[in-house]
1. Evaluate E = 1/(1 + (r/R0)^6) for ARG79 and GLN45, where r is the Cβ-Cβ distance and R0 equals 25 Å; express this FRET efficiency to the nearest 0.05.
2. Mean separation of Cα pairs under 8 Å and 6+ residues apart, divided by the residue count of the chain: what relative contact order is that in percent?
3. Sum up the charges of everything whose Cβ sits under 15 Å from the Cβ of ASP41, counting Lys and Arg as +1 and Asp and Glu as -1, but leave ASP41 out.
4. Along the positive direction of the dipole of the chain (beta-carbon charges: Lys, Arg +1; Asp, Glu -1; about the Cα centre), which of LEU77, ILE57, TYR33 reaches farthest?
5. Taking the Cα centre of the range 22-83 as origin, work out the dipole magnitude from +1 charges on Lys and Arg Cβ and -1 charges on Asp and Glu Cβ, in debye rounded to 20.
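Nothing in this text is a laboratory measurement; each read-out follows from the coordinates by a stated rule. As the structure is a computational prediction, the values presented were derived from the model and not from experiment. Backbone-built Cβ (ideal geometry, glycine too); neighbour counts: all protein chains shown.
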Amino acid sequence: MTTAEPEIKLYGAEWCPDCHRSRNYLDSRSVAYEYINVDGDDDAQAYVKQVNDDRLIIPTIVFPDGSVLVEPSNAELARKLRD
């Protein structure tokens, strides 16, 4: 049996409090996601900058529909997950 990869990608860093909050929110609701640590990952940093007008803003969360939330509040995450 194969396990599908999570379709949500969360770009963040261990030192980022907002990243921890977003991860805790997703974890508490058993939402599968791939965590991508941007520290030392040039490709991940380049992607985050590409979607944020050349700024490295985290957390940047990418959803299966291609939409992106940047530094979302828990309420914003809740609304998006209901869509």
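1. Details: r = 28 Å, r/R0 = 1.11.
That pair, ARG79 with GLN45, gives E of 0.35.
2. For the chain, the relative contact order is 33 percent.
3. Around ASP41, the surrounding residues sum to -3.
4. Comparing the listed Cα positions along the dipole, LEU77 ranks first.
5. So the magnitude is around 380 debye.
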